[in-house]
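*Asks:* Right, I'll just put the structure down here and ask away after.
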Amino acid sequence: MTLHSRRNWYRWGLAAIILFFLVWRVPIVLREAGGQDEEWFAIPGWTIWQEGFPRVPYAPQRQTASAFYKADQGLFALPPLFYYLSAPLYAVLPPTYSTTRLVSVAAGAGLLILIYLLARRVFQDPLTGLIGAGLFSLSRPFYFPATISRPDMLCGMWGLAALWMMWRWYDQEKRPRDLALTGILLGLGMLTHPFALVYCIQIGLWSVLAQGTWKERLIRGLLLTGCALAVFALWLPLILTYPEAFRIQFFTNVLNRSGPGLISRLLFPWPYFSTQFQLLQEHAGNIQLVLMVLGLFWGTWLAARSGDRRNRIFLALVWSSIYLLIACQGAHPTKGYWCYPGALLFLCLGWGLSHLVRNLWAHNVAGRIVGVAGLALFVLAMLPGSGIRAGLAHLKNWSNANYNAPQFVSQVLNDFPPDARYTVDRAYVFNFAAAGRPTLLGDLRAFSFDARPFPYDYLIVSHDAKDREIGKTLNGRLIQTYGDPNDPFSCYIEVYVPQESPVREHKRSDHTPHNQTDNRSRP
């Protein structure tokens, strides 16, 4: 096989991995109801498209202890690039959670490409990139952030893009242009999510520790920092519009949740190792966590044996990504941040497996069979927890409206008056607000939004609000249910009215979802 044909084979392999990811995930992304945090980070893109400003109109929070204080006026809990990238999608797609999720899907595909490109640049081995990208595409640290309306995957993609550009700078005579482009990518990461600080520190240190005079190092550091801050400063006009909301939201959501000061955590992160390890174990599962640890130590062993300075730089980046993530996040409970070090760990695993497969391939036919079978076993090890059950449930019930959230909720909306006041579970609150209904978020937590002071005509409860017993807390009386409460993959809604509310008739749709039950009391 010629070099050109081998390169084409690797490229087609990467294309197949990305196509499989898109075919497997996108249909479910388009059909699922809203999940954790999506009630906050999906709708700002739509409000930008409608009004020019990111906000959460159904959360008029005025408690200063909340991370979403005055979020109905402007959302500052996280930097806004994710919302602005999702906004143009609403020109052609409906206002649903699935539209915003497509930004994360695209970022996930971009990250898989960058894993492959990093392997080619660092190891000069496209097979390493192909194996690393393929395994990571099946992993839980990739699956969750690549399919929800949160900016974690987009921020991780900027990180890998910045690493690739920094390697290009390192390889090609340290050109200022490449360093400036790296700084721009760092700024885009900072404008997406605060965990970009992890790779900003990594690349910043690399730029000043690389060979050169003190003057050259100082200029490099200033150029990189200046470009990053220039991009990050694009947030300033929004901040200056609502400085109080920014201060309360950003500090409460990001800085206060991480623990003591950043410098203290960078120097003494040890108390947070157990916290973050438990989060990663919950996030990745035991099997994939073992594979990530295997990749870390396998890659370290290969780098130590190779004597190649480039390999050692890469492993320093891998180890430091773990250390810095734990130090920067501290006690913060969100798990999607692990997509960045997770990508590097699976790239290490791909490097080790590439070495093993090449050695087996060089022996005989039996060695080739063993190599292919070994790779297949690693693929099988990635399958538990990878969303197969959810995919099969949706495929089996493809024409059932209970498994298509936009269709499901639109039919529910047809049954109730448009001018009534709705307090809605996070799973469907975006849909109700986008339909023009007077809508509040159905939450009771002081950290986010407390709906108790606000009156309602109808309380819309799904799995999350039901688990929190919001219907009972808000003194509601169940009048109607839609869907199957025992199926975790099915849409489900319970409709409540206030206990003192008189029984009233409401319009019934001719196409109500399956398993509808009327629980209204009869006179």
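The values are calculated or read from the model by the stated rules, or taken from the named source; none is laboratory data. It should be emphasised that the depicted structure is a prediction, and the values quoted were computed from it without experimental measurement. FYI the Cβ positions are ideal-geometry reconstructions off the backbone, even for glycines, and counts take in every protein chain you see.
*Asks:* Give the residues of the stretch 445-501 that are farther than 30 Å from residue 245 by Cα, of a type in the set (Val, Ile, Thr) and over 30 Å from the mean Cα position of the chain (by Cα), sorted by residue number.
*Replies:* The answer is 479, 481, 495, 497.
*Asks:* Only one residue in 318, 412, 372 is in contact with a strand residue (DSSP E or B) (Cβ under 6 Å, 6 or more places away or on another chain) and not basic (Lys, Arg). Which one? Break it down into steps so the answer makes sense when it comes.
*Replies:* On the way: 318 fails: in contact with a strand residue (DSSP E or B) (Cβ under 6 Å, 6 or more places away or on another chain); 372 fails: in contact with a strand residue (DSSP E or B) (Cβ under 6 Å, 6 or more places away or on another chain).
Of the residues listed, the single one that is in contact with a strand residue (DSSP E or B) (Cβ under 6 Å, 6 or more places away or on another chain) and not basic (Lys, Arg) is 412.
*Asks:* Do you know which residues across the stretch 283-292 are in contact with a helix residue (DSSP H, G or I) (Cβ under 9 Å, 6 or more places away or on another chain) and either exposed (fewer than 13 other Cβ atoms within 10 Å of the Cβ) or assigned to a loop (DSSP other than H, G, I, E, B) (or both)? Give the steps one after another, and end with the answer.
*Replies:* Applying the first criterion (in contact with a helix residue (DSSP H, G or I) (Cβ under 9 Å, 6 or more places away or on another chain)) to the stretch 283-292 yields 283-285, 287-292.
Selection gives 285, 290.
*Asks:* Let me ask something else about it. Just checking, does the stretch 158-167 include any residue being assigned to a helix (DSSP H, G or I), more than 16 Å from residue 14 (Cα to Cα) and free of Cβ contacts under 8 Å to residues at least 24 places away in the same chain? It would help to see each step written out before you state the result.
*Replies:* We begin by selecting, within the stretch 158-167, every residue assigned to a helix (DSSP H, G or I); these are 158-167.
Now drop any that are not more than 16 Å from residue 14 (Cα to Cα), which leaves 158-167.
Now restrict to residues that are free of Cβ contacts under 8 Å to residues at least 24 places away in the same chain: 165.
The answer is yes, given that some residue of the stretch 158-167 is assigned to a helix (DSSP H, G or I), more than 16 Å from residue 14 (Cα to Cα) and free of Cβ contacts under 8 Å to residues at least 24 places away in the same chain.
*Asks:* Only one residue in 28, 48 is under 17 Å from the mean Cα position of the chain (by Cα) and outside any loop (DSSP other than H, G, I, E, B), so which one is that? Outline the logic, then answer.
*Replies:* Details: 48 fails: under 17 Å from the mean Cα position of the chain (by Cα).
Being under 17 Å from the mean Cα position of the chain (by Cα) and outside any loop (DSSP other than H, G, I, E, B) holds for just one of 28, 48, which is 28.
*Asks:* Say whether the condition of being touching a residue at least 12 places away in the same chain (Cβ under 8 Å) and under 25 Å from residue 184 (Cα atoms) is met by at least one residue in the stretch 255-265.
*Replies:* Taking the stretch 255-265 and keeping what is touching a residue at least 12 places away in the same chain (Cβ under 8 Å), we get 257-260, 262, 265.
Checking which are under 25 Å from residue 184 (Cα atoms) leaves us with 262.
Yes: one or more hits.
*Asks:* Does residue 280 satisfy the condition of being crowded, with 20+ Cβ neighbours inside 10 Å and touching a residue at least 24 places away in the same chain (Cβ under 8 Å)? Before you say what the answer is, go through the steps one by one.
*Replies:* Working: crowded, with 20+ Cβ neighbours inside 10 Å: yes; touching a residue at least 24 places away in the same chain (Cβ under 8 Å): yes.
Yes: the conditions hold for residue 280.
*Asks:* Condition (residue is within 22 Å of the chain's Cα centre (by Cα), touching a residue at least 40 places away in the same chain (Cβ under 8 Å) and loosely packed, with under 14 Cβ neighbours inside 10 Å) applied to the stretch 315-325: is it met by at least one residue?
*Replies:* No, that holds for no residue.
To keep it simple, each residue is scored yes or no on (1) hydroxyl-bearing (Ser, Thr, Tyr); (2) closer than 12 Å to residue 77 by Cα; (3) surrounded by fewer than 19 Cβ atoms within 10 Å (Cβ to Cβ).
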position	(1), (2), (3)
217	no, no, yes
221	no, no, yes
225	yes, no, yes
251	no, yes, yes
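*Asks:* Give the residues of the stretch 62-88 that are among the aliphatic types (A, V, I, L, M) and in contact with a Leu (Cβ under 6 Å, 6 or more places away or on another chain), sorted by residue number. Quick ask: steps written out before the conclusion?
*Replies:* Of all residues in the stretch 62-88, those among the aliphatic types (A, V, I, L, M) come to 65, 67, 71, 75, 77-78, 81, 85, 87.
Answer for the stretch 62-88, where residues must be among the aliphatic types (A, V, I, L, M) and in contact with a Leu (Cβ under 6 Å, 6 or more places away or on another chain): just 81.
*Asks:* Further question on the same structure: Would you be able to tell me the number of residues in the stretch 320-337 that are within 21 Å of residue 205 (Cβ to Cβ) and part of a helix (DSSP H, G or I)?
*Replies:* First, the residues of the stretch 320-337 that are within 21 Å of residue 205 (Cβ to Cβ): 320-330, 337.
Those still in the list that are part of a helix (DSSP H, G or I) too: 320-329, 337.
The qualifying residues number 11.
*Asks:* As an exercise: evaluate residue 286 against (1) in contact (Cβ under 8 Å) with a residue 40 or more places away in the chain; (2) on the phi < 0 side of the Ramachandran plot and give the number of the one condition it does not meet.
*Replies:* For residue 286, the failing item is (1).
*Asks:* Determine which single condition residue 211 fails, assuming it passes every other condition in (1) part of a loop (DSSP other than H, G, I, E, B); (2) without any contact (Cβ under 8 Å) to a residue 60 or more places away in the chain; (3) crowded, with 23+ Cβ neighbours inside 10 Å.
*Replies:* (3)
*Asks:* Still on this model: Under the condition of being under 19 Å from residue 339 (Cβ atoms) and buried (at least 24 other Cβ atoms within 10 Å of the Cβ), which residue from the stretch 93-106 is nearest to the chain's Cα centre (by Cα)? Talk me through it step by step, then tell me what you get.
*Replies:* Step one: filter the stretch 93-106 for residues under 19 Å from residue 339 (Cβ atoms), giving 100-106.
The next check asks that each one be buried (at least 24 other Cβ atoms within 10 Å of the Cβ); those that pass are 100-101, 103-104.
Numbers: 100: 11, 101: 9, 103: 10, 104: 6 Å.
Here the answer is 104.
*Asks:* Can you tell which of 442, 385, 436, 391 is farther than 21 Å from residue 35 by Cβ and not polar (S, T, N, Q)? Show your work before the answer.
*Replies:* Working: 442 fails: farther than 21 Å from residue 35 by Cβ; 385 fails: farther than 21 Å from residue 35 by Cβ; 391 fails: farther than 21 Å from residue 35 by Cβ.
Only one candidate qualifies: 436.
*Asks:* Let me ask something additional. When the stretch 173-192 is examined, which residues are found to be in contact with a Cys (Cβ under 6 Å, 6 or more places away or on another chain) and within 11 Å of residue 159 (Cβ to Cβ)? Give the steps one after another, and end with the answer.
*Replies:* Filtering the stretch 173-192 down to residues in contact with a Cys (Cβ under 6 Å, 6 or more places away or on another chain) leaves 180, 183-184, 186, 189, 192.
Passing the criteria: 186, 189, 192.
*Asks:* Taking residue 297 as the residue in question, decide whether it is crowded, with 20+ Cβ neighbours inside 10 Å and more than 21 Å from the chain's Cα centre (by Cα). Working first, answer last.
*Replies:* Details: crowded, with 20+ Cβ neighbours inside 10 Å: no; more than 21 Å from the chain's Cα centre (by Cα): yes.
Judged against the criteria, residue 297 is not a match.
*Asks:* Something else now. Please determine whether any residue of the stretch 351-373 is within 24 Å of residue 203 (Cα to Cα), assigned to a helix (DSSP H, G or I) and at pLDDT 90 or above. It would help to see each step written out before you state the result.
*Replies:* At the first step, the residues of the stretch 351-373 found to be within 24 Å of residue 203 (Cα to Cα) are 351.
Now narrow it down to the ones that are assigned to a helix (DSSP H, G or I): 351.
Now restrict to residues that are at pLDDT 90 or above: 351.
Yes, some residue in the stretch 351-373 is within 24 Å of residue 203 (Cα to Cα), assigned to a helix (DSSP H, G or I) and at pLDDT 90 or above.
*Asks:* Tally the residues that are assigned to a loop (DSSP other than H, G, I, E, B) and either under 26 Å from the mean Cα position of the chain (by Cα) or in contact (Cβ under 8 Å) with a residue 24 or more places away in the chain (or both), restricting the search to the stretch 374-405. Walk me through how you get there before you give the answer.
*Replies:* Let us first name the residues in the stretch 374-405 that are assigned to a loop (DSSP other than H, G, I, E, B), namely 382-387, 397-400, 404.
From the residues that got through so far, the ones that are either under 26 Å from the mean Cα position of the chain (by Cα) or in contact (Cβ under 8 Å) with a residue 24 or more places away in the chain (or both) too are 382-387, 397-398, 400, 404.
Matching residues across the stretch 374-405 total 10.
*Asks:* Considering only strands (runs of 3 or more DSSP E) fully contained in the stretch 436-496, which possess at least 2 residues that are in contact (Cβ under 8 Å) with a residue 12 or more places away in the chain and of a type in the set (Ser, Thr, Tyr)? Before the answer, list the steps.
*Replies:* Details: elements: 439-441, 458-461, 476-483.
Result: 476-483.
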